[in-house]
Amino acid sequence: NAGVTQTPKFQVLKTGQSMTLQCAQDMNHNSMYWYRQDPGMGLRLIYYSASEGTTDKGEVPNGYNVSRLNKREFSLRLESAAPSQTSVYFCASTLTRVEQYFGPGTRLTVT
Amino acid sequence: AQSVAQPEDQVNVAEGNPLTVKCTYSVSGNPYLFWYVQYPNRGLQFLLKYITGDNLVKGSYGFEAEFNKSQTSFHLKKPSALVSDSALYFCAVRDSDRGSTLGRLYFGRGTQLTVWP
């Protein structure tokens with residue numbers, strides 16, 4: 001039982017490049033979330049998905065898109081990366097909409 | 001609107017001493033409250049939660065938290081700190097209303113706990 005997995009663990013992009021962060025969970029959870037963590041800012045919600053086929057914007061959605069590919073997978077795409085998107089990205093999931101379970105994170109640097 | 005405040009960026013305590021990490025919250029309805037811990041270069045791990053019932057909640061690794069509705073606080077405590085407790089701690093809140101924001105959590109900025117030997 002792997003829980004929540006994220007790929008890649010690390011990534012360096014140049015400004016303007018695109019990439020997709022992958023997230024998968026094997027706990028049969030309905031809801032999935034993408035957060036970014038910046039020093040002194042806590043975690044801020046980017047997008048979330050209540051169930052397969054639905055997505056909604058969170059607190060900081062600009063510059064990102066998401067896809068809920070199926071119940072297991074929820075990807076986050078940066079179409080044109082900017083230095084302000086340098087951050088650590090966490091995916092999370094929940095079954096009961098109570099406690100959330102987090103992946104190990106992706107550390108992204110945009111130069 | 002929901003929000004969480006962790007008034008201390010850093011808490012330092014000697015091993016064996018009791019520790020407290022503070023959290024206050026603001027929520028429109030009845031709160032669901034959580035504490036998470038993050039070790040260096042790792043994801044967040046769930047420690048404990050308050051949904052309803054006893055105001056003193058016990059969680060993982062000997063941690064507990066006290067819910068105080070009148071003070072809108074949910075402080076994390078441990079009677080005897082260990083060096084291995086050193087980590088970043090996050091308080092989070094969500095509204096208990098089933099229709100609200102699909103289980104979205106609001107996090108505080110985090111408190112770095114350092115336990116020195």
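The table below gives the values:
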{"item": "Which numbered condition A:Gly16 fails, given (1) at pLDDT 95 or above; (2) touching a Ser or Thr at 6+ places or on another chain (Cβ under 6 Å); (3) surrounded by 15 or more Cβ atoms within 10 Å (Cβ to Cβ)", "result": "(3)"}
{"item": "Complete set of residues in region A:19-59 that are at pLDDT 95 or above and of a type in the set (A, V, I, L, M)", "result": "A:Met19, A:Leu21, A:Ala24, A:Ile46"}
{"item": "Failed criterion for A:Thr109 (all others in (1) more than 14 Å from every other protein chain (Cβ to nearest Cβ); (2) assigned to a loop (DSSP other than H, G, I, E, B); (3) touching a residue at least 60 places away in the same chain (Cβ under 8 Å) hold)", "result": "(2)"}
{"item": "Subset of region A:34-56 (residues that are away from chain B (no Cβ under 11 Å) and more than 17 Å from A:Gln6 (Cβ to Cβ))", "result": "A:Glu52, A:Gly53"}
{"item": "Matching residues in region A:72-87 - criterion: being among the acidic types (Asp, Glu) and within 13 Å of the chain's Cα centre (by Cα)", "result": "A:Glu73"}
{"item": "Answer residue from region B:13-30, given it is surrounded by 14 or more Cβ atoms within 10 Å (Cβ to Cβ) and over 13 Å from the mean Cα position of the chain (by Cα) and is modelled with the lowest pLDDT among those", "result": "B:Val27"}
{"item": "Matching residues, region A:76-97, being among the charged types (D, E, K, R) and touching a Gly at 6+ places or on another chain (Cβ under 6 Å)", "result": "A:Arg97"}
{"item": "Filtered residue count, region A:88-100, keeping only those that are over 11 Å from the mean Cα position of the chain (by Cα), more than 7 Å from every other protein chain (Cβ to nearest Cβ) and hydroxyl-bearing (Ser, Thr, Tyr)", "result": "1"}
{"item": "Some residue of region B:76-84 being in contact (Cβ under 8 Å) with a residue 12 or more places away in the chain, part of a strand (DSSP E or B) and small (Gly, Ala, Ser)", "result": "no"}
{"item": "Flag if B:Val93 is among the aliphatic types (A, V, I, L, M), within 14 Å of chain A (Cβ to nearest Cβ), crowded, with 20+ Cβ neighbours inside 10 Å and free of Cβ contacts under 8 Å to residues at least 40 places away in the same chain", "result": "no"}
{"item": "Residue within region B:85-101 that is part of a helix (DSSP H, G or I), at pLDDT 95 or above and in contact with a helix residue (DSSP H, G or I) (Cβ under 9 Å, 6 or more places away or on another chain) present", "result": "yes"}
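The values are calculated or read from the model by the stated rules, or taken from the named source; none is laboratory data. Predicted, not measured: the structure shown is a model, and the values here were computed from it. Glycine gets a Cβ as well: all are built from the backbone with ideal geometry, and neighbour counts include every protein chain shown.
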